[in-house]
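Asker: After the structure tokens below, expect a handful of questions from me.
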There are 2 protein chains.
Amino acid sequence: MSQSVVISVDAMGGDHGPSIVVPGVALAAQALPGVRFLLHGDGALIEAELAKHPAAKAVSEVRHCDKAIGMDEKPAQAMRRGKGSSMWNTIEALRENQAHACVSAGNTGALMAISKLILRMGADLERPAIVANWPTMKGVTAVLDVGANVESDADQLVEFAIMGAAFHHAVHGSKRPTVGLLNVGSEEQKGHEEVREAHAILREAKLDFDYHGFVEGNDIAYGTVDVVVTDGFTGNVALKTAEGLARFFSNEIKSTLTSTPLAMLGAAIASGALKKMRQRLDPGRVNGGPLLGLNGIVVKSHGGADAGGFASAIRVATNLARSDFRAEIDRNLKRLTAAAAKDEAPGQGQDQGAAE
Amino acid sequence: MSQSVVISVDAMGGDHGPSIVVPGVALAAQALPGVRFLLHGDGALIEAELAKHPAAKAVSEVRHCDKAIGMDEKPAQAMRRGKGSSMWNTIEALRENQAHACVSAGNTGALMAISKLILRMGADLERPAIVANWPTMKGVTAVLDVGANVESDADQLVEFAIMGAAFHHAVHGSKRPTVGLLNVGSEEQKGHEEVREAHAILREAKLDFDYHGFVEGNDIAYGTVDVVVTDGFTGNVALKTAEGLARFFSNEIKSTLTSTPLAMLGAAIASGALKKMRQRLDPGRVNGGPLLGLNGIVVKSHGGADAGGFASAIRVATNLARSDFRAEIDRNLKRLTAAAAKDEAPGQGQDQGAAE
């Protein structure tokens, strides 16, 4: 694929629609030369915003439609009545090869359902996964699945590891990502059957990443590994627990630094450093969680993200479109299948791994 | 039970043994009149610490033993060779009715295994659960299970709800606790079978607490409910994820406020308020997670807790010993069994709950 990339954008998604999406496109357009955009949604609203943002206008094409999917709409309902909506058309443009990737800040359940319906799963992949870009002490860790599924068996966890590693390589630039499996302890006998089985498969597989072994919840923030793999229930709870805690901390800092005149003075003096800290911890800084496993690149922006956050999601989509991450996933899946076939060949014990 | 309470203490547990445990006992003795202590462990070491802490010495009896369970010892090994160790004797004293509750900062797996072996499960209870006292925007939420089990079925989740509510009532003083079931969304159809089934049971049951329904990860820090119920795998991951994030934040604040001379000046000026914030967010402030479900009160102190933290664990044990929380658990379990028997009576549909 050449450097020229087209991103299909759901201009109506998120809490603010075009008033955030278009400025986000403008920021991305300045940072990412060679990227063009298809903006799906209410033509009049989009044009009004584009008039204020010439950087976006120069590289965008408006695709009008009348409908939009609500932020609270149920996935089943969105699939039934979604045809012709901005979200639907955004993804349809990808299927029709008019774009290389798409971005929506619309509701996650609807986006997942419509994407699966239109794009279908990639060859040999069983389940999609949603990735969270988690700021850590060392950089950014990709955590998946954070909510596409409620249960995952061992084979699906292994697929998540392969998809997550390819993603981290493509978007966060790790040469050879390290991957950990989330568990309640680091010893081999810990955890339930699915994680122990996935552990056994990953330990033996020779893939394009380094399998670190089990990691625990605190390893996410420590940045122990580049990719943390877990089922969608646990991943979603971990992510939302962290979001809740981050808000609690941020409130505490604010109220602490306005609690007394002396504290306010101190905060004013330290304001530059405090602002830098807020930016570093800002979840929006690494906004843009792709739905992995589909026949196409779909990136979900946080519904409440600002223009900078939306631009970050566009950057993620562009990096994925310019990378060969899908070929990397295919290559690793084939190696895994080949290794499994070898294991089952006559004369080989079933418990080959356990003998080591 | 009278106001006079005896607490059996594992003086060798934790990262620091008697040098933290004895000062912790001294702090607790001053705050909790009428409490006496049995201190199990190396007699010479304990006596040396008691000599420095007359407040502890006045209310303690030393029970010498030669052995201690290591912090990294596996549960199975601890059970095999644990007899006569400080942890073993601490719990044995409870079984022999020499004490009303016990506290250990020793390793959780060993403490759980030895406690189950010596005390056995309480009548009608299937599985033990470990409770975390989680500081929130509104106070303290009890989260359980955070690691006694790796999987939990619907009935066990319901038991955790009952035990957690009785605990919150006894230790944190809520008149009628609110209880939520941790899930990936608040709608009825969300989540896996176990949580949906537990939800159906709790919704119908008339117990001594208010069942709130599903809560999400962010609701923990928001303090949406007094008790959050989940399986031990998810609970452990959520707790450790939060601990990792808390350390990340604390590091960021420290490095931010020492990053420039101006930031250091600001921090110095705001130091009083910042110190108060650290205390409010300090996990040790509400240290002391009981192992619920056993025939006896066993409270786990964090291995790295300081004397104040250990005293907090003693306070939790004392409050539990002075409360009727075990009678409350029994009462609710009986109501649940009665309700289930009524549901299964002839002429009643199986899906009575779903019909509402």
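Asker: Using only alpha carbons, build the gyration tensor for the protein assembly as shown and give me the equivalent ellipsoid semi-axes, biggest first, whole Å.
Answerer: 48, 30, 26
Asker: Oh, and also: Tell me the net charge near A:Phe160. Cut-off is 9 Å between Cβ atoms, A:Phe160 excluded, with +1 for each Lys or Arg and -1 for each Asp or Glu.
Answerer: Residues close to A:Phe160 contribute a combined charge of -2.
Asker: Output ³J(HN,Hα) for region B:4-20: one whole-Hz value per residue in order, computed from phi by the Karplus curve 6.51 cos²θ - 1.76 cosθ + 1.60 with θ = phi - 60°, and x for Gly and Pro.
Answerer: Here the 3J(HN,Hα) series is 7, 10, 10, 10, 8, 10, 7, 6, 9, x, x, 6, 10, x, x, 5, 9 Hz.
Asker: Please work out how much length the chain gains when fully extended from A:Lys275 to A:Glu193, using 0.36 nm per residue of separation minus the C-alpha to C-alpha distance, in nm with one decimal.
Answerer: Difference between extended and current length: 25.0 nm.
Asker: I'd like the projected area of region A:120-217, averaged over all directions, using the convex hull of its alpha carbons. Report it in nm² with one decimal.
Answerer: Computing the convex hull of the Cα atoms and averaging its projections yields 6.5 nm².
Asker: Using only the alpha-carbon atoms of chain A, report the extent along each of the three principal axes, biggest first, to the nearest angstrom.
Answerer: Over chain A, Cα extents along the principal axes are 71, 59, 38 Å.
Asker: Per residue of chain B, what 222 nm ellipticity follows from adding -39500 (n - 2.57) for every DSSP H run with n ≥ 4, rounded to the nearest 500?
Answerer: -15000 deg cm²/dmol
Asker: May I pose another question? Mind running the shape call on region B:179-227? Use the C-alpha gyration tensor, a ≥ b ≥ c as the square roots of the eigenvalues: rounded below 1.5 for a/c, prolate if a/b tops b/c, oblate otherwise.
Answerer: Oblate.
Asker: Could you compute how much accessible area chains A and B hide from each other, both sides summed, with a 1.4 Å probe? Nearest 100 Å² is fine.
Answerer: That pair hides around 4800 Å² of surface in total.
Asker: How large is ³J(HN,Hα) for each residue in region A:157-174, as worked out from phi by the Karplus curve 6.51 cos²θ - 1.76 cosθ + 1.60 (θ = phi - 60°), to whole Hz, x for Gly and Pro?
Answerer: 4, 5, 4, 4, 4, 5, 5, x, 5, 4, 5, 5, 4, 6, 9, 9, x, 5
Asker: Any aspartates and glutamates with Cα under 13 Å of the A:Lys275 Cα? List them, leaving off those in the same chain fewer than 8 positions away.
Answerer: Reachable aspartates and glutamates: B:Glu252.
Asker: Residue by residue through B:217-226, how many Cβ atoms from other chains fall within 10 Å of the Cβ on average?
Answerer: Per-residue shielding by partner chains comes out at 5.
Asker: Between region B:195-249 and region B:262-334, how far is it from one alpha carbon centroid to the other, in angstrom?
Answerer: 18
Asker: Now for a different question. Please state, rounded to one decimal and in Å, the Kirkwood hydrodynamic radius that region B:95-160 gives when every pair of distinct Cα atoms enters the mean of 1/r.
Answerer: This gives a value of 13.8 Å.
Asker: Let me check the size of region B:1-145 from its C-alpha atoms; what are the radius of gyration and Dmax in Å?
Answerer: 15.6, 45
Asker: In the protein assembly as shown, if the dipole is taken from +1 on Lys/Arg beta carbons and -1 on Asp/Glu beta carbons about the Cα centre, which of B:Tyr211, A:Ala200, B:Val171 is farthest to the positive end?
Answerer: B:Val171
Asker: Charges on Cβ only, +1 for Lys and Arg, -1 for Asp and Glu, centred on the Cα centroid of the protein assembly as shown; of B:Ser250, B:Val9, B:Thr224, which one is farthest towards the dipole's positive end?
Answerer: The one lying farthest along the dipole's positive direction is B:Ser250.
Asker: What is the spread of the Cα atoms of region B:62-189 along each of their three principal axes, largest first, in whole Å?
Answerer: 54, 30, 29
Asker: State whether region A:164-283 is rounded, prolate or oblate according to the following rule on the C-alpha gyration tensor (a ≥ b ≥ c being the square roots of its eigenvalues): a/c under 1.5 gives rounded; otherwise a/b larger than b/c gives prolate, and the remaining case gives oblate.
Answerer: Here region A:164-283 falls in the prolate category.
Asker: Moving on. Measuring with a 1.4 Å probe in the full set of protein chains, what accessible area per residue, in whole Å², belongs to region A:133-220?
Answerer: Per-residue value: 35 Å².
Asker: Next question, about the same structure. Do any GluC sites (Glu not before Pro) in region A:169-262 lie in a DSSP loop with no more than 15 other beta carbon atoms within 10 Å, and if so, which?
Answerer: Filter output for region A:169-262: A:Glu187, A:Glu188.
Asker: Pop out the ³J(HN,Hα) list for region B:94-107 in order, Karplus 6.51 cos²θ - 1.76 cosθ + 1.60 with θ = phi - 60°, rounded to Hz; leave Gly and Pro as x.
Answerer: 6, 4, 7, 6, 7, 9, 9, 6, 9, 9, 9, 9, x, 6
Asker: Below 17 Å, Cα to Cα, which lysines can A:Lys190 reach? Residues fewer than 8 away in the same chain don't count.
Answerer: Excluding near neighbours in sequence, the set is B:Lys74, B:Lys240.
Asker: Per residue of B:248-256, count partner chain C-beta atoms within 10 Å of its C-beta, then hand back the mean as an integer.
Answerer: The shielding value for this peptide is 6.
Asker: Which trypsin sites (Lys or Arg not before Pro) in region A:119-198 pass both tests, a DSSP loop state and at most 10 other beta-carbon atoms within 10 Å?
Answerer: The qualifying sites are A:Lys175.
Asker: So, one more: Net charge around A:Lys57, counting only other residues with Cβ within less than 15 Å of its Cβ (Lys, Arg = +1; Asp, Glu = -1)?
Answerer: Net of charged neighbours comes to 0.
Asker: Stretch B:Thr337-B:Asn97 to full length: gain in nm at 0.36 nm per residue minus the Cα-Cα span?
Answerer: Values: separation 240, 0.36 × 240 = 86.40 nm, distance 2.95 nm.
My answer for the length gained is 83.4 nm.
The values are calculated or read from the model by the stated rules, or taken from the named source; none is laboratory data. Since the structure is predicted, the reported quantities are computational estimates derived from the model, not experimental observations. Positions of Cβ are backbone-derived with ideal geometry, glycine not excepted, and every protein chain shown enters the neighbour counts. Surface accessibility is based on the protein's heavy atoms, side chains included, excluding ligands, DNA and RNA. Shrake-Rupley method; radii C 1.70, N 1.55, O 1.52, S 1.80 Å.
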